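Read through the structure below, which is laid out as structure tokens, and then see the notes.
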Amino acid sequence: MKAMILAAGRGERMRPLTDHTPKPLLPVAGKPIIEHTIRQLVAAGFNELVINHAHLGQQIEDRLGNGDQFGASIAYTAEGEEGLETAGGIINALPLLGDDVFLVVNGDIASNFPFAELKHQPVDLAHLVLVNNPEHHPQGDFGLDKAGRVIEHSAEKFTFSGIGLYRPELFDGIPPGKSKLAPLLRKAMSAQRVSGQKFSGFWIDIGTPERLQELNNKM
């Protein structure tokens with residue numbers, strides 16, 4: 001199974017740190033955020049990686065190279081300065097991701113999620129990993145029904161972790177260019193074609209300088 005790391009976000013909330021450094025290269029425990037994710041994926045058996053980038057993206061390629069140093073093969077998709085949003089970025093990378101299920105991980109999260117478990121996860125159109133709602137997102141995103149399906153309307157909601165499995169068919173009919181992932185997921189949810197799981201381990205969205213510092217304090 002191939003894996004994609006989303007690394008094209010501008011990191012507006014991280015400014016001024018991201019004025020000259022792309023967010024995935026900001027350091028955590030002396031290494032770029034994205035390097036920790038790469039090493040986790042490789043340890044879990046994901047050796048074929050695709051990384052998209054936009055703002056200052058050449059720095060990402062220069063730092064990570066072809067992946068040899070991590071025991072991986074890394075291919076890149078460049079999206080220009082503005083980026084293509086999440087779904088647009090995935091659609092742009094589909095020729096590199098193949099015809100089967102693939103894993104997508106946000107490039108600005110840190111977690112001890114056991115990625116190896118996903119290699120044998122049955123997937124209809126999508127399978128999402130949900131987590132407890134952090135303080136900055138108390139309302140959550142989606143719920144889980146008793147059958148393990150992700151639902152939009154629920155008394156109890158959790159936060160989408162930025163870790164998901166997708167079939168290429170989820171993106172059928174969506175033209176190239178900027179597009180968001182959430183509407184596609186909601187449409188698939190309404191057709192009961194999105195499964196999910198709750199993860200209760202360590203997870204943090206590194207969205208602000210304060211959370212970056214918090215993570216560094218824990219490492």
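Once the Kirkwood radius over Cα pairs is known for the range 1-107, the Stokes-Einstein relation at 4 °C and 1.567 mPa s delivers a diffusion coefficient of 94 µm²/s. Couplings 3J(HN,Hα) of the range 12-29, computed from phi: 4, 6, 8, 5, x, 4, 9, 5, 10, 9, x, 3, x, 9, 5, x, 10, 6 Hz, in residue order, whole Hz [Karplus 6.51 cos²θ - 1.76 cosθ + 1.60, θ = phi - 60°; x for Gly and Pro]. Residues considered: Gly30, Gly11, Gly89. Largest GNM mean-square fluctuation over the chain, using C-alpha springs under 10 Å, is found at Gly30. Here's how it looks for Asn52: its modeled amide H is under 5 Å from those of Ile5, Ala7, Thr77, which are all 5 or more places away or on a different chain. Using a probe radius of 1.4 angstrom, the carbon and sulfur fraction of the accessible surface of the range 39-101 is 43%. Secondary-structure-derived ellipticity at 222 nm for the chain, considering helices only, amounts to -7000 deg cm²/dmol, per-run term -39500 (n - 2.57) for DSSP H runs with n ≥ 4. With the simple spin-label model, which puts each label point 7 Å out from Cα in the Cβ direction, the Thr208 to Lys119 separation comes to 3.8 nm. Between Arg39 and Ser200, the simple spin-label model (points 7 angstrom out along Cα→Cβ) gives 2.9 nm. Within the listed set Glu135, Glu156, Glu79, the Gaussian network model of the chain (springs between alpha-carbon atoms below 10 Å) gives the highest mean-square fluctuation for Glu135. Residues in the range 58-71 carry Karplus couplings, in order, of 4, 4, 5, 5, 5, 6, 8, x, 8, x, 3, 5, 10, x Hz; the curve used is 6.51 cos²θ - 1.76 cosθ + 1.60 with θ = phi - 60°, and Gly or Pro positions show x. In order along the range 114-131, the Karplus-derived 3J(HN,Hα) couplings, from 6.51 cos²θ - 1.76 cosθ + 1.60 at θ = phi - 60°, round to x, 4, 4, 4, 6, 5, 10, 7, x, 9, 7, 9, 7, 9, 10, 9, 10, 9 Hz, and Gly and Pro are given as x. The residues of the range 124-193 have, on average, 54 Å² of accessible surface per residue, using a 1.4 Å probe with all protein chains present. Residues within the reach of a label modelled at Asp172 (point 7 angstrom out along Cα to beta-carbon, backbone nitrogen below 18 Å), restricted to the range 91-117, are 91-92, 94-95, 98-102.
Across the chain, Cα-Cα pairs farther apart than 28 Å form 24% of the total.
Remark: for residue pairs Lys146/Lys218; Lys119/Lys178; Lys23/Lys146; Lys2/Lys157, the C-alpha separation exceeds 32 Å in Lys146/Lys218; Lys23/Lys146. With 0.36 nm allotted per residue and the present C-alpha distance subtracted, the His136-Glu152 stretch has 3.8 nm of extension available. Just the Kirkwood number for the range 141-219, please: inverse of mean 1/r across all distinct Cα pairs, in Å, one decimal. Value: 14.8 Å, from the Cα pair sum.
The values are calculated or read from the model by the stated rules, or taken from the named source; none is laboratory data. As the structure is a prediction and not an experimental result, all values here were calculated from the model. Virtual Cβ from ideal backbone geometry, glycine too; neighbours counted across all protein chains shown. All accessible areas refer to the heavy atoms of the entire protein, side chains included, with ligands and DNA or RNA removed. Shrake-Rupley method; radii C 1.70, N 1.55, O 1.52, S 1.80 Å.
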